Amino acid sequence: MSERFGDWDFGLSAEQEARAARLHAESIIIDTLFQGPCGHRSFDDGMIRHLQDEYAKHGNAQRSVMSCLKMPVRMAVDCDFPEFERCWKDSGITAGNRQIDGDHIGESFEHFALAQAQFDRLPWLLKATTAGDFRRAKAEGKCAGFVSTQNTIDIGTDLDRLDQYYDMGMRMIQLTYNSVNFVAGGCTDRVDCGVTDFGVKFIKRMNDLGMIVDISHCGRQTTLDACALSTAPVVASHTSADGLYRHDRAKSDEELKAIAASGGYIGVYLVSMFLSGKQVSTIEDFLDHVDYIANLIGPEFVGIGSDWPMQAPEWGVQRLAEWVLDIGFRPEHGVGALVNVRGFDDYRDFPNITRGLVSRGYSDDQISGILGENFLRVFEHVCG
């Protein structure tokens with residue numbers, strides 16, 4: 001018997017279930033930190049053995065995590081992994097980011113190449129550089145990806161590289177990942193320095209080009225500085241409410257209000273250890289953060305940046321638990337126990353979000369906004 005997804009018990013009536021199904025089918029759904037579309041179920045024994053054999057040779061946890069993320073993509077672009085398209089479409093997600101990673105320019109260009117290969121070789125996947133591309137994908141029954149990155153360390157102090165990244169399709173950049181860099185201070189660093197002098201120039205160039213400023217992993221002062229400095233809306237593509245559950249990855253009420261005042265957007269993640277103090281968070285904990293932020297600043301500024309589950313088998317998640325301690329996280333952040341949210345164990349559980357929003361009493365317009373239109377508003381404002 002095949003597995004069932006998206007069936008968390010919210011106690012919905014038949015009429016509510018039908019409404020949720022309609023909204024999920026009709027809405028443009030955008031995940032602003034999309035690690036998928038595949039989850040741990042998509043990795044068969046042969047794929048896992050290949051990853052393990054690679055690791056036995058190099059012993060590098062970071063490299064293994066990257067291999068887990070790349071493997072389904074590479075197989076898909078080689079027309080050898082129909083599961084990739086199947087999982088994406090079964091989730092109902094219209095669009096998600098295609099992430100560029102790299103500590104130096106060589107690594108980043110490898111990711112740019114793989115991202116472009118997806119757009120070139122997957123006829124069902126469009127490259128989104130304007131808001132119209134998201135709407136066209138939905139109208140044509142296709143999916144869309146937009147290029148983004150979570151750090152600026154590979155850019156260094158070369159502002160002209162921003163122009164190159166823009167020309168290759170990048171439309172959203174997170175200023176820093178946890179730790180301080182040339183641009184700004186991170187959320188887990190000892191010193192919250194805010195945006196640097198170079199960072200001021202960096203944000204201005206992003207504004208001039210039409211690139212979205214993302215401050216998800218940034219420190220509190222960096223967030224406030226970015227909202228004050230940017231002439232365009234600022235986003236936190238994946239975060240939570242510090243007022244509900246205290247965590248360095250969360251945003252304070254002051255920060256959330258500043259993002260809203262910029263005309264921006266807050267995507268709530270589904271990362272168990274960031275949502276609550278429970279051993280395992282549930283989809284209800286995620287919805288509690290959505291409610292908190294919506295009640296504080298308005299539902300028109302809220303969205304979804306799931307960030308989890310990862311596109312990796314359990315073995316790969318164990319390697320990630322080793323690596324995260326090298327990229328700004330500490331044991332007290334709870335990253336040693338990387339577990340999936342109950343009710344969101346797979347991207348095909350995405351309908352639980354829509355069903356949960358119905359259970360919490362949101363209107364149709366508010367739900368379609370949270371599912372994607374709120375981010376699309378920002379994307380259109382900044383990118384055209």
Find how many whole Å separate the alpha carbon centroid of region 1-25 from the alpha carbon centroid of region 231-287. 25 Å
Using packing as a proxy for protection, rank 222-232, 117-127 so that the peptide with the highest average count of other Cβ atoms within 10 Å comes first. 222-232, 117-127
Put in order of increasing Cβ neighbours within 10 Å, starting from the fewest, His58, His381 give His58, His381
Could you quote the convex hull projected area for the chain, Cα atoms only and averaged over all directions, in nm²? 17.5 nm²
Binned Cα-Cα distance frequencies in region 178-274 - 10 Å width, integer %: 18, 52, 27, 3
Surrounding net charge for Lys89, when Lys and Arg each add one and Asp and Glu each subtract one, Cβ distance under 10 Å: +1
For every helix of n ≥ 4 consecutive DSSP H residues, a contribution of -39,500 (n - 2.57) applies; sum these over the chain, divide by its total residues, and give [θ] at 222 nm rounded to the nearest 500 deg cm²/dmol. -13500 deg cm²/dmol
Show me 90-100, 194-204 ranked by packing, highest mean number of other Cβ atoms within 10 Å first. 90-100, 194-204
What's the local net charge at Val77, with K and R +1, D and E -1, over the other residues with C-beta under 14 Å away? -1
Among Asp45, Asp214, Asp133, which one shows the biggest mean-square fluctuation in a GNM of the chain, springs joining Cα atoms closer than 10 Å? Asp45
What does the net charge come to around Asp242 if you take all other residues with beta carbon closer than 10 Å to its beta carbon, with K and R at +1 and D and E at -1? 0
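Bear in mind that the values in this text are calculations on the coordinates, not laboratory data. On a predicted model such as this, the values are computed, not experimentally measured, just so you know. Positions of Cβ are backbone-derived with ideal geometry, glycine not excepted, and every protein chain shown enters the neighbour counts.
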